[in-house]
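A.B. asks: Okay, handing you the structure first.
The values are calculated or read from the model by the stated rules, or taken from the named source; none is laboratory data. Treat the numbers as computed from the prediction; the structure is a model and nothing was measured. Glycine gets a Cβ as well: all are built from the backbone with ideal geometry, and neighbour counts include every protein chain shown. What goes into the accessible areas is simple: the full protein's heavy atoms, side chains included, and nothing from ligands, DNA or RNA. Shrake-Rupley method; radii C 1.70, N 1.55, O 1.52, S 1.80 Å.
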Amino acid sequence: MNTRQRRTLLGLTAVATGMGLFTTAAQAAVPPPEAPQAPVAGYTIVSRAGVHNSSRTHSVLARCPAGKVALGGGVRIVGGQNRVLLRGSYPQRNGWVAVAQELVPRDPGSGMRAAWHVVAHAVCAKAPAGLTYEARTSASTSGPWKTAQVFCPAGKRLLAAGGRMNGADFKAGLNSVAADSRLRSATVRGGEATPTSALWSVTAYGVCTGPLGQTLRESVWQAVSGAAQSGTAFAACPRGTRAFGAGVRLSGNAGVLNRLVPVELRSTVRPPGARTTVSELGSGLAATWHLKAQVICAP
């Protein structure tokens with residue numbers, strides 16, 4: 001090929017590439033941007049309170065209205081004199097489940113005389129395209145604490161997360177439920193508030209969808225120390241978005257974390273965001289610990 005022919009071929013190639021007929025190697029390496037779906041339709045939050053009594057276990061389901069599914073949710077423990085463990089806050093397709101148990105007292109035959117109850121909160125809406133409910137359970141072993149991490153399938157993003165304890169009734173509870181910064185996974189931590197040789201595990205749940213324009217927002221770290229015995233944090237959604245998933249991150253040594261209970265972990269409508277309250281079990285702890293609220297928001 002002579003010089004004139006090479007110049008002609010290069011010129012034609014440049015024109016074709018500019019018209020989009022050819023793709024260069026650099027262009028091929030850039031993945032196409034994810035196109036978000038239309039905003040979720042039919043958004044509403046349903047709350048249901050359980051029976052207020054002194055039973056040692058309380059469980060309640062906040063059921064979504066007909067034609068809608070659970071896309072998020074949370075829990076609130078009311079009463080209990082700082083002696084209640086969070087045992088579950090997790091999705092079913094038709095709603096959100098909240099479970100709590102009284103911590104085993106020194107005398108296993110006795111219990112609290114005080115009445116208490118749990119409230120389940122479900123974020124309900126029409127099912128978006130690509131909706132899946134994922135779950136992953138840790139190994140069932142004895143030990144002071146363990147975690148489980150659940151992942152969304154390829155091409156999907158987390159919209160909400162939950163957790164559940166399996167085994168070690170009245171002795172171990174959930175401590176934290178947190179999403180990763182890219183909304184690809186969620187990690188749940190459970191710990192023994194009362195040491196036990198029983199085998200137990202923890203299950204992490206993820207509500208995953210196609211791209212909806214989800215964003216993760218977090219509060220600043222809140223320090224809890226001294227006689228406070230509990231801390232509260234709020235994570236706000238950006239303007240024009242709504243709250244779906246609520247989460248909480250904790251920081252402290254393992255022994256401290258095992259005796260922390262999320263007594264409030266829920267999404268809010270006005271203002272849109274998520275509110276988290278974490279309490280110390282029993283008479284409190286001498287150590288300082290920190291909490292951070294999370295919320296997953298979407299249009």
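A.B. asks: Against the longest alpha carbon principal axis of the chain, how many degrees, from 0 to 90 and to the nearest 10, is the axis of helix 3-18 turned?
C.D. replies: 40
A.B. asks: Leaving out same-chain residues fewer than 8 places away, which lysines sit with a Cα under 29 Å from that of residue 126?
C.D. replies: Candidates past the 8-residue exclusion: 68, 156.
A.B. asks: Roll a 1.4 Å probe over the protein chains and send me the accessible area per residue for the chain in Å².
C.D. replies: Numbers: 13830 Å² over 299 residues.
I get 46 Å² per residue for the chain.
A.B. asks: Okay, next question. Rounded, prolate or oblate: pick one for the stretch 36-179, where a ≥ b ≥ c are the square roots of the eigenvalues of its C-alpha gyration tensor, a/c under 1.5 means rounded, and failing that, prolate if a/b is larger than b/c, else oblate. Don't skip to the answer; put the middle values down first.
C.D. replies: Details: a/c = 3.28, a/b = 1.54, b/c = 2.13.
Oblate shape, in that a/c is at least 1.5 and b/c is the bigger or equal ratio.
A.B. asks: Given Cβ point charges of +1 (Lys, Arg) and -1 (Asp, Glu) and nothing else, what value in debye, to the nearest 20, does the dipole of the chain about its Cα centre take?
C.D. replies: Working: 32 positive and 10 negative charges, 143 e Å.
Value, rounded to 20: 680 debye.
A.B. asks: Same structure, new question: If you roll a 1.4 Å probe over the stretch 173-299 with all protein chains in place, what percent of the accessible area is carbon or sulfur?
C.D. replies: Numbers: 2330 of 4580 Å².
Roughly 51 percent of what the probe reaches on the stretch 173-299 is carbon or sulfur.
A.B. asks: Let me ask something else about it. Just from the alpha-carbon atoms, what are the Rg and Dmax of the stretch 206-299 in angstroms?
C.D. replies: 14.4, 45
A.B. asks: Can you find, among 153, 229, 61, the residue sitting farthest towards the positive end of the charge dipole of the chain, where Lys and Arg contribute +1 and Asp and Glu -1 at Cβ?
C.D. replies: Sorting the options by dipole projection puts first 153.
A.B. asks: Any idea how far apart residue 51 and residue 220 come out in nm if each label point goes 7 Å out from Cα toward Cβ?
C.D. replies: 4.6
A.B. asks: Report the trypsin sites (Lys or Arg not before Pro) located in the stretch 208-258 that are in a DSSP loop and have at most 16 other Cβ atoms inside 10 Å of their Cβ, or state none. Each step should come with its number before you reach the end.
C.D. replies: On the way: sites: 217, 239, 242, 249; in loops: 239.
Passing sites in the stretch 208-258 are 239.
A.B. asks: Translational diffusion coefficient of the stretch 172-255 at 25 °C, 0.890 mPa s, Stokes-Einstein with Kirkwood Rh over Cα pairs, in µm²/s as a whole number. Walk me through the numbers before you get to the answer.
C.D. replies: On the way: Rh = 15.4 Å.
The calculation lands on 159 µm²/s.
A.B. asks: Within the stretch 40-120, list the trypsin sites (Lys or Arg not before Pro) lying in a DSSP loop whose Cβ has at most 10 other Cβ atoms in a 10 Å radius.
C.D. replies: Values: sites: 48, 56, 63, 68, 76, 83, 87, 93, 106, 113; in loops: 56, 68, 83, 93, 106, 113.
Sites meeting the loop and neighbour criteria: 106, 113.
A.B. asks: Within 10 Å, at most 15 other Cβ atoms, and a DSSP state outside H, G, I, E, B define an exposed site. Report the longest part of the chain free of exposed chymotrypsin sites (Phe, Trp or Tyr not before Pro). It would help to have the intermediate numbers written out before the result.
C.D. replies: Values: sites that count: 22, 221.
The longest such stretch corresponds to 23-220.
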